[in-house]
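Structure first, then comments.
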Amino acid sequence: MNESLLESLPVGLRELARQHLPDKPVHIPTPEERDQRERELSRRLTKQMEVQKAMVYLDKSLWPAGIPISFTFGEWKPNKQPDQEKARAIGNQAWTIAKEATKNGAFNVALLGSPGTGKTSLALAIADKLKKDKGWSWMFVSTTELKSLVEAQFDAYDVKQRIANIKRAMTEVNVLILDDFGTEGGLVSRINEPGYKGAHANLQQLMYEVANARYSKTDKMTIITTNNTNQELERIYDPKIVSRLVTKKKAHRIAFNGMEDVRAMEG
């Protein structure tokens, strides 16, 4: 309070005011300061909501054997492969893909090759980097686990709702990893048999709806890992599904040709 104003008060009130009023004048925020505080609060709340939403998508993931896994680019070890130069080039291509998506927006990615060569690891690394650099949500779906769930809906009444929730998350999440895409079709020898009918109709419908909802969206990246060729995938699924999910752009297709099964070596 202004000292001259204090002096104008009766002695009793003056002492009381000195005891209870702050020594420094109270700062009243300007309209600009209030706007800035509101913007900062809004930014924090938005960030908090994004983090919570990202966790919801991750919780809907279908992991192999129900065990969550993670991987970063720092964990990629080319020296585990006999052809270290090729392994290094594969890691660099995945890194470049993640940086391109951070700058220009989403596109589909395909990681192709034999089991155990690191396809799933680098898919996870791309998702991890996009989460850190761009704040994108992501989820992981083992197509083998998804197939089992779709088949189980006829025996368990509560599974249909779970599938509906997973499908919704698959259509909305920024980065969707479809791992081992094609294994749900069975052995390659069976896929190539005359009269082979492909994946179950319910699974086909689910995949089509997800693929169609995500197609050509700049904030929706679908990462496919597969051991199958395009021809085999088109026997498992309707070609319309495959064309919407599996990119044909060379720069976004990572071929693990010549890579060895690291899991077999470690085992």
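The values are calculated or read from the model by the stated rules, or taken from the named source; none is laboratory data. Given the structure is predicted, the values throughout are model-derived calculations rather than measurements. Glycine also receives a Cβ, built like all others from the backbone with ideal geometry; neighbour counts cover every protein chain displayed.
Odds and ends about this structure:
- Taken together, the residues in region 240-267 that are at pLDDT 95 or above and either surrounded by 12 or more Cβ atoms within 10 Å (Cβ to Cβ) or not charged (D, E, K, R) (or both) amount to 14.
- Scope region 102-144; condition more than 28 Å from Ile163 (Cα to Cα) and polar (S, T, N, Q); matching residues: Thr102, Asn104, Ser114, Thr117
- Filtered residues of region 208-218 (kept if more than 11 Å from Asn108 (Cα to Cα) and surrounded by fewer than 22 Cβ atoms within 10 Å (Cβ to Cβ)): Tyr208, Glu209, Asn212, Ala213
- Filtered residues of region 191-211 (kept if of a type outside the set (A, V, I, L, M, F, W, C) and touching a residue at least 12 places away in the same chain (Cβ under 8 Å)): Asn192, Tyr196, Gly198, His200, Asn202, Gln204, Tyr208, Glu209
- Candidate set: region 141-180, residues that are among the small types (Gly, Ala, Ser) and more than 27 Å from Val109 (Cβ to Cβ); chosen: the one surrounded by the fewest Cβ atoms within 10 Å (Cβ to Cβ): Ala156
- Within region 99-124, residues that are of a type in the set (Ser, Thr, Tyr) and modelled with pLDDT of 95 or more sit with their Cβ atoms under 6 Å from residues that are surrounded by fewer than 21 Cβ atoms within 10 Å (Cβ to Cβ) and not in a helix (DSSP H, G or I), at 6+ positions apart or across chains, in these pairs: Thr117/Met259; Ser121/Phe71.
- Some residue of region 181-190 being among the charged types (D, E, K, R), buried (at least 20 other Cβ atoms within 10 Å of the Cβ), within 20 Å of Tyr57 (Cβ to Cβ) and in contact (Cβ under 8 Å) with a residue 40 or more places away in the chain: no
- Qualifying residue in region 123-137 (condition: under 18 Å from Ala211 (Cα atoms) and in a strand (DSSP E or B)): no
- All of Ile177, Ile166 fail the test of being in contact with a Lys or Arg (Cβ under 6 Å, 6 or more places away or on another chain) and either assigned to a helix (DSSP H, G or I) or among the hydrophobic types (A, V, I, L, M, F, W, C) (or both), apart from Ile166.
- Those residues of region 222-267 which are small (Gly, Ala, Ser) and either under 18 Å from Gly186 (Cα atoms) or under 24 Å from the mean Cα position of the chain (by Cα) (or both), in sequence order: Ser243, Ala251, Ala255
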